[in-house]
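Have a look at the structure below, then the notes.
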Amino acid sequence: MHSSVENLIKINKEIESNFIDFKEKNKLPKIIAVSKTFGMDKIRPLIEHGHTDFGENKVQEAIEKWTKILNENDKINLHLIGKLQTNKVKFCLKLFKFIHSLDSEKLAKKIADEQIKQKTKVKLFIQINIGNEQQKSGIYADQVENFYNFCTKLDLDIVGTMCIQPANEDPEKYFMRMMYLNKKLGLKEISMGMSSDYQEAIKFNSTYLRIGSNIFGKRD
């Protein structure tokens, strides 16, 4: 068995064994295997094992890696978890079923226009700058409600919120804030928690965990 498959099984078992602690939850969170920078030699064993959710950071890299695979397997859900530039939207919608990084009105308008042209619809997460960090993308927490209303008027399919919490800080206070904001908006999905803190994220109702190095190993 390939090491990436062994790692995924181990993580799933760990989540399930701790699931008793999260009685208010009624479903296990989905694991997005963050496959950015890894080749198909590492990814294919997971596909053969039956894993369906994969995360990429860059549209161009995803086109080169995934186009052939997606034509062969329509069960795969490709998630864009990196920043999306407006000039890449038309290519992105042909490939990705989920975009986790909706972070501006300009991008929202571009996605809305392109969806009409392509007669398609993608599931979107609003990226929240939960730590108010100037160097990071995302909508500030106090502006999220207005931004959500703006997106719904554009007929965008907003399914949840996403955050990249500040590094080297206790993530739980940020996860708790995300859970509160998500509930306030009446959204079902939260994309938060990575290799280092996914167990904490589950406690605060994360439904999508973005796990890379714990599955594939260290990046070069």
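Data overview
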{"quantity": "Mean ellipticity per residue at 222 nm, deg cm²/dmol - from DSSP H runs of n ≥ 4 across the chain, formula -39500 (n - 2.57)", "calculated": "-12500 deg cm²/dmol"}
{"quantity": "Calculated log₁₀ intensity ratio I(q)/I(0) where the Debye formula runs over C-alpha points of the chain, q = 0.11, 0.13, 0.14, 0.18 Å⁻¹", "calculated": "-0.52, -0.74, -0.87, -1.41"}
{"quantity": "Distance violations [Cα-Cα > 21 Å] among 88/117; 83/153; 153/188; 123/173; 90/188", "calculated": "83/153; 123/173; 90/188"}
{"quantity": "Relative contact order of the chain, pairs being alpha-carbon contacts under 8 Å that are 6 or more residues apart, as %", "calculated": "20"}
{"quantity": "For residue 212, residues with placed amide H under 5 Å, excluding near neighbours", "calculated": "34, 195"}
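Values in this text are rule-based calculations from the coordinates and carry no lab data. What you see is a predicted model, and the numbers here were worked out from it, not measured in a lab.
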